[in-house]
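Q: Structure provided below as structure tokens; questions to follow.
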Amino acid sequence: MNGRAPTWRPRLPPTAVLRHDHVRGGHVLLVPERVVVLRGSARAVLDLCDGTRTVEEIITRLGREHGTPEDALRDDVVAFLTRLRTEGGLR
């Protein structure tokens, strides 16, 4: 992936819902016919997916907020977002 995140501006589709699931004790992403259990910082990543920020801008903001180098975040964030997009959880 040449070291750079895509310039795509991810956003949740209108049919997706982010919420706290009291039964699971964590956050979930509800998409038609699927529940994605969010672990770690996944909710923080999705909260930034509003269609206005590029993936690179999301990585920069997360790095700043969590005091983590962007290079340490990039591969995981890109893989997570790409997988959700493939599964229909992001546009």
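Q: Filtering region 1-13 down to residues that are modelled with pLDDT of 95 or more and open to solvent by 90 Å² or more (accessible area, probe 1.4 Å), which residue is farthest from Ile59 (Cα to Cα)?
A: Looking at the filtered set, the residue picked out is Arg11.
Q: For region 17-55, give me each residue that is of a type in the set (Ser, Thr, Tyr) and under 11 Å from Phe80 (Cβ atoms). Steps first, answer last, please.
A: Within region 17-55, the subset of a type in the set (Ser, Thr, Tyr) is 41, 52, 54.
Of everything in region 17-55, just one residue is of a type in the set (Ser, Thr, Tyr) and under 11 Å from Phe80 (Cβ atoms), namely Ser41.
Q: Taking the residues in region 72-91 that are open to solvent by 10 Å² or more (accessible area, probe 1.4 Å) and of a type in the set (Gly, Ala, Ser) as candidates, determine which candidate is modelled with the lowest pLDDT.
A: Among residues in region 72-91 that are open to solvent by 10 Å² or more (accessible area, probe 1.4 Å) and of a type in the set (Gly, Ala, Ser), the one modelled with the lowest pLDDT is Gly88.
Q: Name the single residue, out of those in region 46-73 being assigned to a helix (DSSP H, G or I) and touching a residue at least 24 places away in the same chain (Cβ under 8 Å), that is farthest from the chain's Cα centre (by Cα). Can you show your working first?
A: From region 46-73, those assigned to a helix (DSSP H, G or I) are 46-47, 55-66, 70-73; that's our starting set.
From what's left, touching a residue at least 24 places away in the same chain (Cβ under 8 Å): 46-47, 55-56, 58-59, 66.
Details: Leu46: 4, Asp47: 7, Val55: 9, Glu56: 12, Ile58: 9, Ile59: 10, His66: 15 Å.
Restricting to residues being assigned to a helix (DSSP H, G or I) and touching a residue at least 24 places away in the same chain (Cβ under 8 Å), the top hit is His66.
The values are calculated or read from the model by the stated rules, or taken from the named source; none is laboratory data. Treat the numbers as computed from the prediction; the structure is a model and nothing was measured. Ideal geometry is used to build each Cβ from the backbone, glycine not excepted, and the neighbour counts take in all protein chains shown. Surface accessibility is based on the protein's heavy atoms, side chains included, excluding ligands, DNA and RNA. Shrake-Rupley method; radii C 1.70, N 1.55, O 1.52, S 1.80 Å.
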